[in-house]
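The values are calculated or read from the model by the stated rules, or taken from the named source; none is laboratory data. Note that this is a predicted model, so its numbers are computed, not measured. Neighbour counts are summed over all protein chains in view; Cβ atoms, including those assigned to glycine, are modelled from backbone coordinates with ideal geometry.
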Amino acid sequence: MQGPEPEMVDLLVAGAELVATVDDERREIVGGWVAVDAGFVHSIGGPGDPAPPARRTLRADDCLVTPGLINTHHHIYQNLTRSFRPAVNGTLFEWLTTLYPRWARLDEEAAYVSAWVGLAELALGGCTTSTDHLYVHPRGAGDLIGAEIQAARELGFRFHPTRGSMSRSQKDGGLPPDSVVQTDDEILADSERLVAAHHDPSWGAMVRVALAPCSPFSVTPELMRSTAELAERLDVRLHTHLAEDPDEDTYSEEVYGRRTIDHFDDVGWGSDRSWVAHCIYPNDDEVKRLGGWGTGVAHCPSSNMMIGGGGLAPVAELRAAGVPVGLGCDGSASTDSASLWMEARNALLLGRLRLGPQAMGARDALEIATRGSAGCLGREGEIGVLSPGAAGDLVCWPLVGIPFAGALSDPVEAWLRCGPVAARHTVIAGVPVVEDGRLVAPGEEAMLARHRVISARVQAPID
Ligand SMILES: [Zn+2]
């Protein structure tokens with residue numbers, strides 16, 4: 001007797017050297033395949049398991065297949081001022097004050113084009129979900145975050161824009177010029193508008209919005225508090241920069257009489273609704289408190305080495321304390337490159353630099369870039385893992401050619417120790433966004449030409 005016809009799935013990724021599922025059992029399947037249907041992982045198997053028939057097959061020969069990497073901290077618009085010469089050797093605060101007047105030139109076209117280019121760059125580097133933290137909203141600039149979401153939809157990218165904000169300008173003792181800050185009422189009203197227009201709480205959502213004052217020192221304590229209350233009411237997540245530079249604690253102690261993480265908790269942010277960027281300078285007690293709150297940390301290794309005030313984030317201690325630690329490339333004007341492969345490799349190197357070779361392996365870095373990042377975004381089990389029912393987001397990394405010659409024994413360690421490597425295929429919700437190393441969406445050349453014109457305008461000298 002014949003059984004029923006096996007159901008046809010949308011996509012089969014077949015013939016991998018190894019599938020690293022990063023699932024609850026951390027299964028690694030030699031010669032594995034992954035089937036994706038209707039945007040979600042349908043099934044996973046090895047050479048002995050019959051794969052379902054598929055409408056489309058992508059070959060993953062010689063590839064390590066992982067869940068798509070997740071970027072938990074970025075300022076995409078900053079790719080308009082990459083490696084900007086007048087700012088490159090400043091401290092964080094000097095760098096910001098040089099760039100704010102340029103960023104005041106942002107408009108909808110700039111937000112759209114920079115997001116298109118920035119998300120494409122991330123996809124080419126094996127990222128399938130990214131946040132963005134856009135906190136510069138010049139007066140009259142239009143709907144910048146709406147423009148970014150448009151770019152993400154066109155590329156098929158899973159996107160978590162965060163509604164950034166600044167309310168303390170130079171006249172209030174802050175760093176930015178008056179033209180790029182807004183009142184608390186303007187910020188809260190626009191936050192609510194964006195969540196109503198774009199936030200999708202459903203499983204497998206392509207767009208989720210979070211609320212994100214730039215940092216506890218760039219907005220008033222009242223705005224920190226009312227943003228946390230609004231996030232609670234709308235059931236969305238909270239994001240900000242925290243403990244990135246020793247200047248921040250000095251500032252916080254002068255202005256609020258509190259260490260910056262105490263202030264963060266005072267204004268209602270010590271919670272599992274929050275994830276913060278950097279967190280280089282928590283003391284031992286603060287590490288424990290962050291773990292107790294369940295507040296996530298976006299570890300941004302390249303950015304920290306480039307501009308973070310000379311410290312190394314205590315990643316191992318944070319993870320041991322139960323903090324969800326994810327990975328972030330941070331804004332392109334500090335990191336200048338947006339490759340999560342490189343961030344994962346730098347996380348590996350920094351982890352070993354801090355605490356020795358036992359402290360971190362490639363599997364830890366992969367876990368931070370997938371499960372840890374998903375924890376920061378409140379999407380554990382949904383993204384950052386290859387298991388049936390999870391989002392159909394995966395990357396095929398080709399471990400081939402001269403950089404991988406001789407790397408025979410452990411494809412996961414080879415992935416970060418050898419290289420550099422970019423994605424052969426990047427699949428988001430079952431749809432290839434990068435195929436054979438090239439962006440699938442049309443229009444790359446034209447978009448780069450637009451980006452060049454806008455960058456030149458933004459970087460022009462200030463009168
Ligand atoms: Zn940042």
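Check PRO420 against each of (1) outside any loop (DSSP other than H, G, I, E, B); (2) more than 14 Å from GLY68 (Cα to Cα); (3) touching a Phe, Trp or Tyr at 6+ places or on another chain (Cβ under 9 Å); (4) assigned by TED's automatic domain parsing to the domain that holds VAL36 and name the one condition it does not meet.
Looking at each condition in turn, PRO420 falls short on (1).
Being of a type outside the set (A, V, I, L, M), farther than 26 Å from GLY437 by Cβ and out of contact with any Phe, Trp or Tyr (no Cβ under 8 Å at 6 or more places or on another chain) is true for just one of PRO357, PRO403, PRO411. Which residue is that?
Just a single option satisfies the conditions, and that option is PRO357.
For segment 79-192, list the helices (runs of 4 or more DSSP H) that sit wholly inside it and hold at least 2 residues that are closer than 23 Å to GLU244 by Cβ and more than 18 Å from the chain's Cα centre (by Cα); which are they?
In segment 79-192, 92-103 are the helices (runs of 4 or more DSSP H) which contain 2 or more residues that are closer than 23 Å to GLU244 by Cβ and more than 18 Å from the chain's Cα centre (by Cα).
Test each condition in (1) free of Cβ contacts under 8 Å to residues at least 40 places away in the same chain; (2) under 25 Å from TRP203 (Cα atoms); (3) of a type in the set (A, V, I, L, M) for ALA407 and report the one that comes out false.
If we test ALA407 against (1) free of Cβ contacts under 8 Å to residues at least 40 places away in the same chain; (2) under 25 Å from TRP203 (Cα atoms); (3) of a type in the set (A, V, I, L, M), just (2) comes out false.
Looking at (1) of a type in the set (D, E, K, R); (2) touching a residue at least 12 places away in the same chain (Cβ under 8 Å); (3) part of a loop (DSSP other than H, G, I, E, B); (4) more than 16 Å from the ligand (Cβ to nearest atom), find the lone condition where ARG258 falls short.
It is condition (2) that ARG258 fails.
Would you please name the residue that is farthest from ALA210 (Cα to Cα), looking only at residues in segment 229-255 that are among the hydrophobic types (A, V, I, L, M, F, W, C) and within 16 Å of the ligand (Cβ to nearest atom)?
Selected residue: ALA243.
Restricting to segment 193-227, count the residues that are under 20 Å from GLY331 (Cβ atoms), in a strand (DSSP E or B) and in contact with a helix residue (DSSP H, G or I) (Cβ under 6 Å, 6 or more places away or on another chain).
2
State the number of residues belonging to segment 1-49 that are of a type in the set (Lys, Arg) and touching a residue at least 40 places away in the same chain (Cβ under 8 Å).
1
For the subset of segment 360-399 comprising residues that are touching a Lys or Arg at 6+ places or on another chain (Cβ under 6 Å) and within 18 Å of VAL315 (Cβ to Cβ), which member is surrounded by the most Cβ atoms within 10 Å (Cβ to Cβ)?
My answer is GLY384.
Away from the ligand (no atom under 16 Å from the Cβ) and either without any contact (Cβ under 8 Å) to a residue 12 or more places away in the chain or not aliphatic (A, V, I, L, M) (or both): is that true of ASP265 in this structure?
Considered against the rule, which asks whether it is away from the ligand (no atom under 16 Å from the Cβ) and either without any contact (Cβ under 8 Å) to a residue 12 or more places away in the chain or not aliphatic (A, V, I, L, M) (or both), ASP265 comes out as yes.
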